[in-house]
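Worksheet: the structure to be examined is printed underneath.
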Amino acid sequence: MVLSDREPDREGLADETLLMAIANTGHDEVDELADTGTIAAWWAELTADDPTPVPEPGSSSEARGAERLRALRDVIRRLAWANNGVHLEADPAAEAVLTSMALRPDLNSLRISVRAGRNAALTDTIGAAAIAALIRAPSRPTWPRFKACHALDCGWVFIDASRNLSRRWCDMNDCGNRAKGAAFRARTRRP
């Protein structure tokens, strides 16, 4: 995973790091957001260095929470694709799932943020952290660097570290070469 160059001055995961971690789940055979067990294992690995306690998985709302996290992952990927010039239609079903998130303002800190409601399950806590990151991240000058691979069949999210924000693919040796090869074949085809 590529981390952002600048970490915020707060504890926990950086906003872009959290958003990238959520967006980059589900690319292999195992979807880290498939169920409560895989979510708990993924979150434990992601936050291994963070001393903040997190709720235990297993409440009755966790199955619905896993569905909300997968819908949130799709929204994050769409935003990252938009930063890379690819504008996809919103999925009304995914957005409807997100309206059921129980969030409330977090007024206990000097920052305006949101957090999960009382007695929150692990999925609610992760979802609230991601929503809060989505609220803060676009206001930063680094937000346009948060991109998804231009290859729609890939979707890996990365931080574009190029000077002129020109990076389009997650990996030039894989997705970039496939796209450039396809463009070459299309140009050289006989009419």
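From the residues in the range 154-191 that are of a type in the set (Val, Ile, Thr) and in contact (Cβ under 8 Å) with a residue 40 or more places away in the chain, which one is surrounded by the most Cβ atoms within 10 Å (Cβ to Cβ)? Looking at residues that are of a type in the set (Val, Ile, Thr) and in contact (Cβ under 8 Å) with a residue 40 or more places away in the chain, I get Val157. Of all residues in the range 141-153, those being outside any helix (DSSP H, G or I) and in contact (Cβ under 8 Å) with a residue 40 or more places away in the chain number 7.
Could you look through the range 87-126, keep only residues that are part of a loop (DSSP other than H, G, I, E, B) and crowded, with 18+ Cβ neighbours inside 10 Å, and pick out the one that is modelled with the lowest pLDDT?
Let us first name the residues in the range 87-126 that are part of a loop (DSSP other than H, G, I, E, B), namely 87-91, 99-102, 107-112, 117-121.
Checking which are crowded, with 18+ Cβ neighbours inside 10 Å leaves us with 101, 120-121.
On the way: Met101: 77, Ala120: 74, Ala121: 82.
This residue is Ala120.
Give the range 170-191 a look and list any residue that's over 28 Å from the mean Cα position of the chain (by Cα) and not β-branched (Val, Ile, Thr), or say none. Correct list: Gly181, Ala182, Ala183, Phe184, Arg185, Ala186, Arg187, Arg189, Arg190, Pro191. Consider the range 154-191 and keep the residues that are touching a helix residue (DSSP H, G or I) at 6+ places or on another chain (Cβ under 7 Å) and in a strand (DSSP E or B). The one that is farthest from Asn24 (Cα to Cα) is Ile159. Of all residues in the range 129-161, exactly one satisfies the criterion of being among the polar types (S, T, N, Q) and in contact with a strand residue (DSSP E or B) (Cβ under 9 Å, 6 or more places away or on another chain), namely Thr142.
Being among the polar types (S, T, N, Q) and in a helix (DSSP H, G or I) is the filter; apply it to the range 18-40 and report the residue that is surrounded by the most Cβ atoms within 10 Å (Cβ to Cβ). Here the residue is Thr36.
The values are calculated or read from the model by the stated rules, or taken from the named source; none is laboratory data. Note that the structure is predicted; figures quoted are calculated from it, not measured. Neighbour counts run over all protein chains shown; Cβ positions are idealised from the backbone, glycine included.
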